[in-house]
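A short write-up of the structure that comes next.
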Amino acid sequence: MEAQSLIPSRMHEVFGTAEPVALVTGSVKPRVGRGVARLLRTAGFRIVLHGHHEPETSQQPAPESDAPLGCDLTVYGPVEKEEAVRRWVEQIVGRMGRIDCVVHTAAIWHPIPLEKLTAADYDQMYRINALGTALVNQHFGLRMCQQESGGALINIGDWAICRPYRDFAAYFPSKAAVDSITKTMAVELGQRNPRVRVNAILPGPVKLRDDLPESRRQQILAESLLKRIGTPEDVGWAALYLALSPFVTGASVPVDGGRTIYAGPAADPIAHPDV
């Protein structure tokens with residue numbers, strides 16, 4: 001089979017159509033979700049973008065790169081509001097006729113020193129990162145269960161849930177919940193329709209801040225086995241793999257350049273003696 005026909009053929013095999021529909025949450029702004037949406041579009045998916053806030057006026061310019069992205073629909077609203085998630089299901093199925101894949105990238109994160117952390121901070125992180133993931137999986141997953149072809153739910157976790165760092169005491173627990181939600185929903189939905197799959201991607205350093213000090217950037221590179229910073233497209237390729245892999249479910253896949261497993265170049269021989 002020629003390479004150029006491989007992906008459409010695989011899409012038809014997995015979803016029953018060569019033009020499946022994918023929603024990418026958190027994709028209106030030029031962040032990781034936008035890169036994922038662009039790659040899936042290039043692969044042949046019909047794309048639904050998502051943004052938290054609806055534009056205030058019809059005169060507001062479209063988000064950067066919308067034209068080349070060629071999205072088919074954009075939905076708006078907070079992921080932690082159940083009525084919004086239900087509305088997206090109705091909008092997408094009503095307009096597109098189906099929903100085959102959801103890549104849930106929408107999340108929040110920012111450092112808060114432990115001394116300043118409040119119950120409101122915990123609540124915000126858990127509602128958006130954990131509850132939002134659960135609601136998106138529940139409502140889109142149940143809709144996929146009604147389709148003979150099922151579908152693929154792909155959540156975005158974080159590689160550092162097993163190696164958390166300072167000032168993120170609310171964020172990391174909220175992201176650790178994504179792994180449990182992924183496994184739980186894989187079991188729940190897979191028993192209702194064995195063609196519905198739920199997986200997660202655990203990205204490593206991707207799309208660093210422009211104002212990040214060069215010393216910190218070099219430190220991050222030193223902590224990576226592959227010695228580079230990840231890109232949104234790296235996450236997109238992982239999403240494409242999971243979307244088109246009908247025998248993979250309940251998995252959390254690191255996409256981190258080996259950062260999770262790498263202890264660094266300065267291993268202490270005294271701490272690890274030969275025996």
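The values are calculated or read from the model by the stated rules, or taken from the named source; none is laboratory data. Here the structure is a predicted model, which means the values were calculated and not measured. Because the Cβ atoms are built from the backbone with ideal geometry, glycine has one as well, and the counts that use them run over all protein chains shown.
Out of ALA263, ALA200, report the one residue that is closer than 28 Å to TYR126 by Cα and either in a strand (DSSP E or B) or among the small types (Gly, Ala, Ser) (or both).
ALA200
So TRP237 passes all but one of these: (1) in a helix (DSSP H, G or I); (2) touching a residue at least 40 places away in the same chain (Cβ under 8 Å); (3) touching a Lys or Arg at 6+ places or on another chain (Cβ under 8 Å); (4) surrounded by fewer than 20 Cβ atoms within 10 Å (Cβ to Cβ). Which condition number does it fail?
Only one criterion in (1) in a helix (DSSP H, G or I); (2) touching a residue at least 40 places away in the same chain (Cβ under 8 Å); (3) touching a Lys or Arg at 6+ places or on another chain (Cβ under 8 Å); (4) surrounded by fewer than 20 Cβ atoms within 10 Å (Cβ to Cβ) is unmet by TRP237, namely (3).
Per-residue answers, yes or no, for (1) in contact with a strand residue (DSSP E or B) (Cβ under 7 Å, 6 or more places away or on another chain); (2) over 23 Å from GLU188 (Cβ atoms); (3) buried (at least 19 other Cβ atoms within 10 Å of the Cβ):
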position: GLN219; (1), (2), (3): no, yes, no
position: LEU225; (1), (2), (3): no, yes, no
position: PRO232; (1), (2), (3): yes, yes, yes
position: LEU242; (1), (2), (3): yes, no, yes
position: GLY250; (1), (2), (3): yes, no, no
position: ALA263; (1), (2), (3): no, yes, no
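Provide a single number: the residues in region 26-46 that are buried (at least 24 other Cβ atoms within 10 Å of the Cβ), outside any helix (DSSP H, G or I) and either within 15 Å of the chain's Cα centre (by Cα) or among the hydroxyl-bearing types (Ser, Thr, Tyr) (or both).
Qualifying residue count, region 26-46: 3.
What residue, among those in region 247-275 that are of a type outside the set (A, V, I, L, M), out of contact with any Lys or Arg (no Cβ under 7 Å at 6 or more places or on another chain) and at pLDDT 95 or above, is farthest from ARG31 (Cα to Cα)?
PHE247
Please state which one of ILE154, ILE181 is buried (at least 19 other Cβ atoms within 10 Å of the Cβ) and assigned to a helix (DSSP H, G or I).
Only one candidate qualifies: ILE181.
Name the one entry in ALA134, ALA106 that is in a loop (DSSP other than H, G, I, E, B), under 21 Å from ALA186 (Cα atoms) and at pLDDT 95 or above. Don't jump to the end; show me each part of the working.
Values: ALA134 fails: in a loop (DSSP other than H, G, I, E, B).
Exactly one of ALA134, ALA106 is in a loop (DSSP other than H, G, I, E, B), under 21 Å from ALA186 (Cα atoms) and at pLDDT 95 or above, namely ALA106.
Among what's in region 109-131 and is at pLDDT 95 or above and assigned to a loop (DSSP other than H, G, I, E, B), pick the residue that is nearest to ASP158 (Cα to Cα).
Only one residue fits best here, namely ILE112.
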